[in-house]
Amino acid sequence: AGVKFDGSRLLIQNLAMNLLRGGLGGNLVLTTGKAFGVMTKLEATQLDVNDLLKPERKIQGDSLVDGIVDVTAFFDDTKGSLDLGKSEIDLFLTRIGQDALDRLLVFIDPEGSNPSIVGARSAVMLANPSTVRVTLRKGLLSLEIQFQKGVLSALKSFQINRIPVGRIKNFRNITQTIPRWETIREMMQLMGADHYGVDEGGKIILR
């Protein structure tokens with residue numbers, strides 16, 4: 001990966017890592033100041049959902065996921081909390097099995113209290129998903145599922161729009177665990193480095 005500082009921005013290009021037994025790669029930009037946030041577009045291949053599940057909840061069938069995630073996340077400059085009004089997330093899954101998608105829907109609505117999500121779970125059991133898009137804009141979550149053509153199903157797509165994320169318990173739990181960014185922001189302001197790299201011994205070099 002190539003890393004450099006550009007004024008109030010930290011740029012990481014061609015980022016590549018192993019995650020959930022698969023691969024994740026792309027670019028990331030970290031900005032400081034009043035518009036403190038993270039912008040990244042990553043491509044994921046062969047991520048294994050089972051690595052996130054307890055042994056008794058493991059998926060017996062296809063547990064692999066491919067997709068692209070495009071995130072623009074801004075944080076409150078004083079509190080460090082995620083600003084849902086300004087942040088946007090676009091998750092486009094190009095491969096996901098029925099069981100893996102069902103687990104995603106359960107994550108969104110673990111108590112089965114949202115009739116739209118319950119309906120989506122029923123639809124997923126009737127047809128194989130082709131692609132899935134989950135978007136978050138202005139604090140509202142939308143979901144679109146495209147189904148594969150099949151003899152046993154006439155379903156083409158399923159769509160849910162504008163679910164307030166504040167009502168999604170698991171999403172609230174995740175945002176509450178996001179670390180405060182004061183230390184990172186101060187480090188970027190103090191270092192003033194043009195760019196940095198890693199030597200053969202694994203030590204970070206600032207220049």
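The values are calculated or read from the model by the stated rules, or taken from the named source; none is laboratory data. All of these numbers come straight from a predicted model, not from anything done at the bench. Here the Cβ positions follow ideal geometry from the backbone for every residue, glycine too, while neighbour counts run over all protein chains shown. Surface accessibility is based on the protein's heavy atoms, side chains included, excluding ligands, DNA and RNA. Shrake-Rupley method; radii C 1.70, N 1.55, O 1.52, S 1.80 Å.
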statement: In whole percents, the bins of 10 Å from zero upward hold the Cα-Cα pairs of region 49-158 as 13, 39, 34, 12, 2, 0
query: Under a 1.4 angstrom probe, counting protein chains only, how are Arg167, Arg137 ranked by accessible area, largest first?
result: Arg167, Arg137
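With Cβ to Cβ distances under 12 Å as the rule, what net charge do the other residues near Glu144 carry (K, R +1; D, E -1)? Please list the in-between numbers first.
Values: positive: Arg133, Lys156; negative: Asp90.
It works out to a net charge of +1.
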message: What's the ranking of 51-57, 41-47 by average number of surrounding C-beta atoms within 10 Å, highest first?
response: 41-47, 51-57
query: When the solvent-accessible surface of protein heavy atoms is calculated with a 1.4 angstrom probe, in what order do Glu111, Glu144 fall, highest first?
result: Glu111, Glu144
statement: Log entry: pair-distance distribution for region 104-167, C-alpha pairs binned every 10 Å from zero, whole % per bin is 21, 53, 23, 3
